[in-house]
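One structure is given here, and the rest of the page talks about it.
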Amino acid sequence: MIHRLLIANRGEIALRIIRACRELDIESVVVYSQADAGSAYLDLADEAICIGPAPSAQSYLSIPSIISAAEIANVDAVHPGYGFLAENAHFAEVCRANNIEFVGPDEDTIRRVGDKAEAKSAARAAGIPVVEGSDGPVDSDEDALEIARAIGYPVLIKAVSGGGGRGMRIAHNDISLAAGYQTARAEAETAFGDSTVYIEKYLEDPRHVEIQILGDKQGNVIQLGERDCSVQRRHQKVIEEGPSPGIPNDVRTKMGRAAVKLAKSVGYHGAGTVEFLYENKKFYFIEVNARIQVEHPVTELTTGIDLIKEQIRLASGEPLGRKQQQVKPKGHAIECRINAEDPDRNFAPSPGLITQCVVPGGPGVRVDSHVYAGSRVPPNYDSMIGKLLVWADTRAEAITRMRRALDEYKIEGIKTNISLHRRILRNAYFERGEYTTRFLDELLST
Ligand code: MV4
């Protein structure tokens, strides 16, 4: 049993976890950096501990500081949220070595799926479709060239430790392959301390669809349906929705089964996401996210399942409380990520003091945010300051509701991307559900 839990994160997800703990009657201890001191959500936890100065390397990413806080606070579990240390196998290992339950999968599973070439091999071994490409890492220019010529251009060179699109290079011919292979390796070395790359056929216009899964420590896994995350800019998701407006029912069923099969084959427990690309009626596994994701509330709204509470229950060893047949997603949910950024300055971060904040509400509206009039958005972290979600019976009604909610949202003092969301929600292609990962870049270039 978990009685007292440390939240190794900040902002809206820290608040989200505090709320889940309160409902589970678990004491919460939240850590914070000097940049976040005074933020109101800290008062909602049972205890708040300052772990260091603003730069995340010295606070939210500092394993010694967080473990010290956990020891001082005498917690029996740590929830990492997303980002920061959420998929750090070493952190999970240190937690458990200190007798602290890490809310997430085993360190070996995190390590295994964190290596994207290895995750792909596991998927291939489980009979799940993967994008054609190298069978594992590519260790020389010669091998890279041979593989690229065999599968045909364009190809994509990807870092095995990659994420967020870093260490990725497209190559259209032998020349750009040679250059791309080297730059991808160098970029991966700088970003992840690991220059290992692999090669895939480049899909030119896919949708990004991901399946939410839950697994218990007894080996049971269920899937809670998909989210479409194709609306993104520079590998940052901007809008997510579920179900995906772009995939037929038979594909939905197969993708869900594939996700469960893969999760079982790697001994996955806790909450996780299996990502796929979908193009020309076919789906391909790309990666596993061994954490709760920003967009998890989309699935909470369509299934009625509290994913954070489930994560904590599963971490404490409880079996899944429902069978696959009992999961019946209903209606439609959309999430708009609200970022402190300036649409007129190429979406540059816009930190500062929020002077006015009027939050939407009413039927079918959910706002997950830690900010308010008087709060200061620090320049040190991700620019997301909240998430606006809506739920309705149909996608058309959800769109109408999101437009209404966006029109109610007023944030002053800093710039936000709310105007961008208004524009997307009125776009005819978006309205028809006809969009791929290229949609937002194209919208912004017109
Ligand atoms: C791809 C792809 C096309 N072909 N793989 C981007 C980040 C990483 N999660 C995987 N990504 C992609 N992998 C092949 N073989 C296109 C992307 C991609 C993308 C994927 C999901 C969401 C948005 C994206 C935007 C550009 C490229």
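Here is how the numbers come out for the structure above:
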{"read-out": "Trypsin sites (Lys or Arg not before Pro) restricted to segment 325-415 and DSSP loop, no more than 13 other C-beta within 10 Å", "value": "Lys330"}
{"read-out": "Relative packing of 46-52, 243-249, which averages over residues the other C-beta atoms within 10 Å, highest first", "value": "46-52, 243-249"}
{"read-out": "Length gained when the stretch Gln58-Arg345 is fully extended (0.36 nm per residue, less Cα-Cα span)", "value": "100.4 nm"}
{"read-out": "Per residue value of the accessible surface for the chain (all protein chains in place, 1.4 Å probe), Å²", "value": "41 Å²"}
{"read-out": "Cα gyration tensor shape for the chain, rounded if a/c is under 1.5, else prolate or oblate", "value": "rounded"}
{"read-out": "Segment 325-391 versus segment 88-135: alpha-carbon centroid distance in Å", "value": "30 Å"}
{"read-out": "Inter-label distance for Asp393 and Asp143, nm, one decimal - labels placed 7 Å from Cα along Cα-to-Cβ", "value": "5.7 nm"}
{"read-out": "Gyration tensor (alpha-carbon) shape descriptor, segment 401-446, a/c threshold 1.5", "value": "oblate"}
{"read-out": "Amide N proximity, segment 154-171 versus Lys201 label position 7 Å along Cα-to-Cβ, cut-off under 19 Å", "value": "154-158, 169-171"}
{"read-out": "For a label point 7 Å along the Cα-to-beta-carbon line of Ile151, residues of segment 164-184 with backbone N under 17 Å", "value": "165-184"}
{"read-out": "Computed label-point distance, nm, for sites Ser419 and Asp108 using a 7 Å Cα→Cβ extension", "value": "5.4 nm"}
{"read-out": "Gain upon complete extension [Gln326, Ala373; 0.36 nm per residue less C-alpha separation]", "value": "12.7 nm"}
{"read-out": "Per DSSP, loop chymotrypsin sites (Phe, Trp or Tyr not before Pro) in segment 367-431 with at most 16 further Cβ within 10 Å", "value": "Tyr372"}
{"read-out": "Too-long pairs where the Cα-Cα distance tops 25 Å, listed order kept, from Lys116/Lys237; Lys201/Lys264; Lys261/Lys387; Lys158/Lys330; Lys120/Lys323; Lys282/Lys309", "value": "Lys201/Lys264; Lys261/Lys387; Lys158/Lys330; Lys120/Lys323; Lys282/Lys309"}
{"read-out": "Expected 222 nm ellipticity per residue - DSSP helices of 4 or more, -39500 (n - 2.57), all of the chain, to 500", "value": "-10000 deg cm²/dmol"}
{"read-out": "Ranked order, Thr436, Thr355, Thr273 - accessible area, probe 1.4 Å, largest first", "value": "Thr355, Thr436, Thr273"}
{"read-out": "Distant-in-sequence amide H partners of Ser369 (H built 1.01 Å from N, under 5 Å)", "value": "Lys387"}
{"read-out": "With every protein chain in place, the chain: carbon and sulfur % of accessible area (1.4 Å)", "value": "48 percent"}
{"read-out": "Loop trypsin sites (Lys or Arg not before Pro), segment 195-251 (other Cβ atoms within 10 Å of the site Cβ: 13 or fewer; DSSP)", "value": "Arg234"}
{"read-out": "Probe 1.4 Å - accessible area at Leu307, Å² to nearest ten", "value": "0 Å²"}
{"read-out": "Ordering of 99-111, 250-262 by burial proxy (mean other Cβ atoms within 10 Å per residue, highest first)", "value": "99-111, 250-262"}
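The values are calculated or read from the model by the stated rules, or taken from the named source; none is laboratory data. Treat the numbers as computed from the prediction; the structure is a model and nothing was measured. Because the Cβ atoms are built from the backbone with ideal geometry, glycine has one as well, and the counts that use them run over all protein chains shown. These accessible areas exclude ligands, DNA and RNA; they are computed on the full protein's heavy atoms, side chains included. Shrake-Rupley method; radii C 1.70, N 1.55, O 1.52, S 1.80 Å.
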